[in-house]
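To start, the structure itself, in structure tokens.
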Amino acid sequence: MNPIRSLGGALAAASLAGLLCGCISVFPKESPAQLYRFGDFGPPSPAVMTPAAPGFVVETLPTTFDRPAAGDGILTMTGNEAAYIKGSRWVGTAQGLFESAVTRAFEASGGPARAMSRGEPSRPDYLLKLDVVRFEAHYDQGQESPPAIVVEVNATLSRSGDHTLAGEQLFRAKVAADANRAGAITAGFDQATRKVLTDLVAWVNAKGVAQAG
């Protein structure tokens, strides 16, 4: 074997490897993931900005969230098989976005119930515990068809003073996505979340007014 030729081949291979390393460092291996959010509520309409009943304060306890859906992956279910939408995710954890949406839902309702801010020194009148049991895109017609977005939340409302139960109810929304695309699917999540939380806040308002009466 000619040692000069071997060395030359090694140098050429090293140069090529260096060029390839340079290419890898300049061009990413994968495209950036598309980020989505949900749970936006507009400002309350003038008709509901002044509550007719005396106000009361609600402390929302930490939300319990279905573990596979709690992170930033967009969970889908096909039968018993779970998967996440490739190349798309939530801008934060689904649990964190949901908890922020709860606060905005109370603000937008303009009703007598007010969600207590974190660190607020005042004493709440009620404690609200939420358990998100389902938060998924369900392919009940096969993966070629648009999925149905299912959001289910179990709510427990109790008095803060003696922890007596004021009410417990399951809230559910099922929304068909307009298309089998990430944008349409996440829009379905937003619609289903807003439906569930609008109903939930209306229920809390009614319970608080009934208890006061």
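The values are calculated or read from the model by the stated rules, or taken from the named source; none is laboratory data. Owing to the predicted nature of the structure, the values given are computational and were not obtained by experimental measurement. We place every Cβ from the backbone using ideal geometry, glycine too, and count neighbours over all the protein chains shown.
Structure above, values below:
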| read-out | value |
| --- | --- |
| In the stretch 121-139, the residues that are assigned to a loop (DSSP other than H, G, I, E, B) and either surrounded by 18 or more Cβ atoms within 10 Å (Cβ to Cβ) or without any contact (Cβ under 8 Å) to a residue 40 or more places away in the chain (or both) | 121, 124, 125, 139 |
| Some residue of the stretch 90-103 being part of a loop (DSSP other than H, G, I, E, B), surrounded by fewer than 16 Cβ atoms within 10 Å (Cβ to Cβ) and free of Cβ contacts under 8 Å to residues at least 24 places away in the same chain | no |
| Residue list for the stretch 140-149, restricted to those being surrounded by 17 or more Cβ atoms within 10 Å (Cβ to Cβ) and either under 22 Å from residue 163 (Cβ atoms) or out of contact with any Lys or Arg (no Cβ under 8 Å at 6 or more places or on another chain) (or both) | 146, 147 |
| Residues located in the stretch 104-120, provided they are on the phi > 0 side of the Ramachandran plot and in contact (Cβ under 8 Å) with a residue 40 or more places away in the chain | 110 |
| Selection status of residue 68, modelled with pLDDT of 95 or more and in the same structural domain as residue 201 (by TED's automatic domain parsing) | yes |
| Selected residue (only one of 66, 125, 72 is within 18 Å of residue 174 (Cα to Cα) and not basic (Lys, Arg)) | 66 |
| Subset of the stretch 159-201 [out of contact with any strand residue (DSSP E or B) (no Cβ under 6 Å at 6 or more places or on another chain) and part of a helix (DSSP H, G or I)] | 183, 184, 187, 190, 194, 197, 198, 201 |
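For every residue, the table says whether it meets (1) among the hydroxyl-bearing types (Ser, Thr, Tyr); (2) more than 20 Å from residue 60 (Cβ to Cβ); (3) outside the structural domain of residue 57 (by TED's automatic domain parsing).
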site	(1), (2), (3)
83	no, yes, no
102	no, no, no
110	no, no, no
117	yes, no, no
124	no, no, no
135	no, no, no
153	no, no, no
